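The values are calculated or read from the model by the stated rules, or taken from the named source; none is laboratory data. Values in this document were obtained by computation on a predicted structure and should not be read as measured data. Cβ atoms come from the backbone with ideal geometry, glycine included; neighbour counts cover every protein chain shown.
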Amino acid sequence: MIEGGCFCQNIRYALDDGKYPSADCHCTMCRRIHSAPYVTWLVVPIEKFRYTAGTPKALKSSTNGTRYFCPSCGSHIACVNTEHPDIIDIPVGSLDNPEMAPPSGEIFGDTRLPWLPHPAA
């Protein structure tokens with residue numbers, strides 16, 4: 001089992017063991033909502049994900065996207081998009097062992113900040 005949660009540990013989740021793709025997202029929405037130059041997401045089939053403690057708060061961040069965060073500490077926990085309702089995106093930084101999910105690519109590279117180093121090819 002793969003586990004993770006928010007900063008204050010009020011929200012906890014678990015994923016079934018498995019290999020899941022991950023990617024660095026450079027979109028402006030992720031940058032703003034995470035206050036970071038980019039966010040690394042783990043892409044998980046929705047049926048493999050479950051909350052084990054707490055209830056996150058939902059934020060409708062776009063026409064198609066809903067983001068979930070801890071109402072106590074504000075940590076972002078997940079993003080669900082109606083364009084791909086069968087998956088849930090989990091920020092790698094919320095995993096208990098984030099080293100297990102190195103990014104395998106990037107998305108929205110056209111909005112990548114110019115001072116970021118480019119990933120190794």
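Those residues that are farther than 17 Å from Ile88 by Cβ and either touching a Cys at 6+ places or on another chain (Cβ under 7 Å) or at pLDDT below 95 (or both), I need them from segment 3-23; list them, please. Before the answer, list the steps.
Looking only at segment 3-23, we keep the residues that are farther than 17 Å from Ile88 by Cβ, and these are 7-10.
The answer is Phe7, Cys8, Asn10.
Among the conditions (1) at pLDDT 95 or above; (2) of a type in the set (Val, Ile, Thr); (3) assigned to a helix (DSSP H, G or I), Ile33 misses just one, which is (1). In segment 74-81 there is at least one residue that is within 11 Å of the chain's Cα centre (by Cα), closer than 24 Å to Leu113 by Cβ, part of a loop (DSSP other than H, G, I, E, B) and touching a residue at least 60 places away in the same chain (Cβ under 8 Å).
Among the residues of segment 17-61, those identified as among the β-branched types (Val, Ile, Thr) and closer than 16 Å to Ala101 by Cα are Val39, Thr40, Val43, Val44. Just one of the listed residues (Leu116, Leu42, Leu59) is in a strand (DSSP E or B), of a type in the set (A, V, I, L, M, F, W, C) and farther than 23 Å from Ile2 by Cβ, and it is Leu59.
Which ones in segment 32-69 are in contact (Cβ under 8 Å) with a residue 60 or more places away in the chain and under 13 Å from the mean Cα position of the chain (by Cα)?
Tyr38, Thr40, Phe69, listed by residue number.
Of the residues in segment 41-61, not one is on the phi > 0 side of the Ramachandran plot and of a type outside the set (Gly, Ala, Ser). You will find that of Ala78, Ala101, Ala53, the residue that is in contact with a strand residue (DSSP E or B) (Cβ under 7 Å, 6 or more places away or on another chain) and loosely packed, with under 13 Cβ neighbours inside 10 Å is Ala53 and no other.
When segment 1-30 is limited to residues that are in contact (Cβ under 8 Å) with a residue 24 or more places away in the chain and among the charged types (D, E, K, R), the one that is surrounded by the most Cβ atoms within 10 Å (Cβ to Cβ) turns out to be Asp24.
In segment 63-121, of all residues being in contact with a Pro (Cβ under 7 Å, 6 or more places away or on another chain) and among the hydroxyl-bearing types (Ser, Thr, Tyr), the one that is modelled with the lowest pLDDT corresponds to Ser104.
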